[in-house]
Amino acid sequence: MKTFIQKLGKSLMGPLSIIVAAGLLLGLASTLLNPNVFGNALANVALVNHFVTLVNALAGGLFGLLPILFCMSVAQGMSKEDKEVATFASIIGFILFHTTIRFLLQLKGITAETVSIDYLVSQGKDILTATQENAAYDTVMGIFTYRMSIFGGIIVGLWSAMIHNRFHTTQLPTAFSFFSGKRFVPIMMVVTIPFLGAVMFLVWPLFNMLINGFGALLAQAGAFGTFIYGFLERLLIPTGLHHILNQLIRFTPIGGSAMINGEQVSGALNIFNTLLMETEPDMDMMRQATRFLTQGTHPFMVFGLPAACFAMYKTALPQNKDKVKGILLAAGLTSFFTGITEPIEFSFFFISPLLWLFHAFMAGMSFLINTLLGVCIGNAGGGLIDLMLFGVLRGTQTKWILNVVIGLIYAAIYFMVFKWAIVKFNIKTPGREDESDEVSYGEEVTELGKAIMEALGGKENIQEIDNCISRLRLVLKDTAVIKENELKKTGSLGIIKINETNLQVVYGAKVEKAASELKRAVRSN
């Protein structure tokens, strides 16, 4: 189950990079026409208006594809091999899944016309009831179906991966051998997906009620709900479950729902991005969405954790300060600019539960304080880029100045608490290792892939290699034979042993290089 959840969490990250990039473009486009930035100087410039319209159209198209993007990403991430076949089969499954639901809805007399607000009002229902009933349905890729958001994509993606893993090596009798192996997977999807669609047709209304109920509960918790989210999101990082929590908040009704131009939009990030495409967005509605977004992360990502890195440097043993300066500076700058924090967090998570809980508490408080002060900064990155584009450049209405003031206070608190705790409890942060465990931080590994491979127990011990935004995700024959100190020499800042065979190695922004070099080393040996 641990392995399954870890892989699922990583799979859900696939579409996020596309959505974050689209969000950055939307932020730039909205800034160009923001009267608080350029006044009305660009409002009548045809080229600027055409650019903004194009960006809005492209971003809107991407947001509309979110369910199938999650479907493809989950199918690819959860399949064991021949991942392109599973991805191809998932597209077929996604279309047939919703086609099945549309067919069953039609049997009950439910169509796009019979659940339209105008029709329901003409049947004697009030506007509120008609709107609520209409919001339960959606049109996905031209198919009328339940409004399942990304859940429909995740469900079909998981089913596709299961069918693929079970049947992609199946050999049929000689007369039908042409349909064996990889070709058999799409066939099995066509045969089985209607049954899945029929089950979800019956189950989804209840499931949807539970999701909306949980979202309503979180909304009723008010600002305290944001504290719970921020605290859990940081606390869960070592397990990888924070990816699942984030995606549920960003893309499903758990993160809120809003009616924008007569359309229901669900998920904090979806609402924020949709409002960015408005000429005059509803700022109160936007604040409700951004309370779960990057405004809560800036104080500890841009300010707090870099200050913690400085505290680690100041408390390093004198003979090690020059050695750790480079790695701590790189980790601090990565968090400052991009919001990728794991290289810092894994330097203290497992060696100091006290600092781990302190960091999670401060994250929760950051979300809470920003919500109470009415700060309005969105997107899903968390570094300086998001702070500038979605805070500073969008004007004083975002209250970005308060966010920065909170951040400066966080920097002082993080520095003092980390320095005190490291010295008081002799925490073995980078540069404070015992002589027997001392790491050559400055040592340059010329053959990175080979060095990682040997530290992992050699080629024969490595079964699967994958990575997410900051970690190598490995399946080994035996995690007990790895050499952690040798991994540190390759740039690793920590490891997570999921079980006897699953291992994660934290590399931060260098993870793509580490993964490709390791794969190359395994292939060439």
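Tell me which of these Glu512 doesn't satisfy, since it passes every other one: (1) more than 30 Å from Gln319 (Cβ to Cβ); (2) open to solvent by less than 20 Å² (accessible area, probe 1.4 Å); (3) modelled with pLDDT under 85; (4) not aliphatic (A, V, I, L, M).
Result: Glu512 fails condition (2) only.
Taking the stretch 150-205 as the region of interest, how many residues are touching a Lys or Arg at 6+ places or on another chain (Cβ under 7 Å) and over 15 Å from Ala86 (Cα atoms)?
So the count comes out to 0.
For the condition in contact with a Ser or Thr (Cβ under 9 Å, 6 or more places away or on another chain), among the aromatic types (Phe, Trp, Tyr) and under 24 Å from Ile19 (Cβ atoms), what is the one hit in Phe367, Phe425, Phe418, Phe348?
Details: Phe425 fails: under 24 Å from Ile19 (Cβ atoms); Phe418 fails: under 24 Å from Ile19 (Cβ atoms); Phe348 fails: under 24 Å from Ile19 (Cβ atoms).
So the residue among Phe367, Phe425, Phe418, Phe348 that is in contact with a Ser or Thr (Cβ under 9 Å, 6 or more places away or on another chain), among the aromatic types (Phe, Trp, Tyr) and under 24 Å from Ile19 (Cβ atoms) is Phe367.
So which of Thr100, Thr139, Thr87 is under 17 Å from Gly262 (Cβ atoms) and under 34 Å from the mean Cα position of the chain (by Cα)?
Being under 17 Å from Gly262 (Cβ atoms) and under 34 Å from the mean Cα position of the chain (by Cα) holds for just one of Thr100, Thr139, Thr87, which is Thr139.
Being under 19 Å from the mean Cα position of the chain (by Cα) and assigned to a helix (DSSP H, G or I): is that true of Leu248 here? Outline the logic, then answer.
On the way: under 19 Å from the mean Cα position of the chain (by Cα): yes; assigned to a helix (DSSP H, G or I): yes.
When the stated conditions are applied, Leu248 passes them.
Looking at (1) assigned to a strand (DSSP E or B); (2) open to solvent by less than 50 Å² (accessible area, probe 1.4 Å); (3) modelled with pLDDT of 85 or more, which is the only condition Ile422 fails?
(1)
Quick one: in the stretch 73-83, of everything that is in a loop (DSSP other than H, G, I, E, B) and open to solvent by less than 50 Å² (accessible area, probe 1.4 Å), which residue is farthest from Gly142 (Cα to Cα)?
Going through the stretch 73-83, the residues in a loop (DSSP other than H, G, I, E, B) turn out to be 79-82.
Still in the list and also open to solvent by less than 50 Å² (accessible area, probe 1.4 Å): 79, 82.
Working: Ser79: 28, Asp82: 29 Å.
Out of the qualifying residues, it is Asp82.
I want to confirm something. Restricting to the stretch 192-213 and keeping residues that are modelled with pLDDT under 90 and surrounded by 14 or more Cβ atoms within 10 Å (Cβ to Cβ), which single residue is nearest to Asp284 (Cα to Cα)?
Once the filter is applied, the top-ranked residue is Asn212.
Spot the failing condition for Glu280; the list is (1) farther than 21 Å from Ala21 by Cα; (2) not in a loop (DSSP other than H, G, I, E, B), and only one is missed.
(2)
Just name the residue that is farthest from Ile427 (Cα to Cα) out of those in the stretch 285-323 that are of a type in the set (S, T, N, Q) and touching a Cys at 6+ places or on another chain (Cβ under 8 Å).
Checking each candidate, the answer is Thr290.
Which members of the stretch 169-185 meet the condition of being touching a helix residue (DSSP H, G or I) at 6+ places or on another chain (Cβ under 6 Å) and open to solvent by less than 20 Å² (accessible area, probe 1.4 Å)?
Val185
Asn36 passes all but one of (1) at pLDDT 70 or above; (2) in a helix (DSSP H, G or I); which number fails?
The single condition Asn36 does not satisfy is (1).
From Asp82, Asp126, Asp118, grab the single residue that is of a type outside the set (S, T, N, Q) and farther than 28 Å from Pro281 by Cα.
None of the others qualify; the one that does is Asp82.
Scan the stretch 123-154 residue by residue and report those that are hydrophobic (A, V, I, L, M, F, W, C) and open to solvent by 50 Å² or more (accessible area, probe 1.4 Å). Don't jump to the end; show me each part of the working.
Keep residues of the stretch 123-154 that are hydrophobic (A, V, I, L, M, F, W, C), which gives 127-128, 130, 135-136, 140-141, 143-144, 148, 150-151, 154.
Ile127, Leu128, Met141 - these are the residues of the stretch 123-154 that are hydrophobic (A, V, I, L, M, F, W, C) and open to solvent by 50 Å² or more (accessible area, probe 1.4 Å).
Mind listing whichever residues of the stretch 229-245 are in a helix (DSSP H, G or I), within 13 Å of the chain's Cα centre (by Cα) and surrounded by fewer than 21 Cβ atoms within 10 Å (Cβ to Cβ)?
Passing the criteria: His242, Ile244, Leu245.
Which of the helices (runs of 4 or more DSSP H) found entirely inside the stretch 290-374 contain at least 1 residues meeting this: modelled with pLDDT under 90, open to solvent by less than 20 Å² (accessible area, probe 1.4 Å) and closer than 30 Å to Gly222 by Cβ?
321-338, 342-345
Can you name the residue in the stretch 84-122 that is at pLDDT 90 or above, among the polar types (S, T, N, Q) and in a helix (DSSP H, G or I) and is also least open to solvent (accessible area, probe 1.4 Å) among such residues?
Ser90
When you look at Ile155, is it more than 21 Å from Phe195 (Cβ to Cβ) and either in contact with a Pro (Cβ under 7 Å, 6 or more places away or on another chain) or not in a loop (DSSP other than H, G, I, E, B) (or both), yes or no?
no
The values are calculated or read from the model by the stated rules, or taken from the named source; none is laboratory data. Not measured: the values here are computed from a predicted model. As a convention, Cβ positions derive from the backbone with ideal geometry for all residues, glycine included, and neighbour counts pool all protein chains shown. Areas reflect the complete protein model, heavy atoms only, side chains present, ligands, DNA and RNA absent. Shrake-Rupley method; radii C 1.70, N 1.55, O 1.52, S 1.80 Å.
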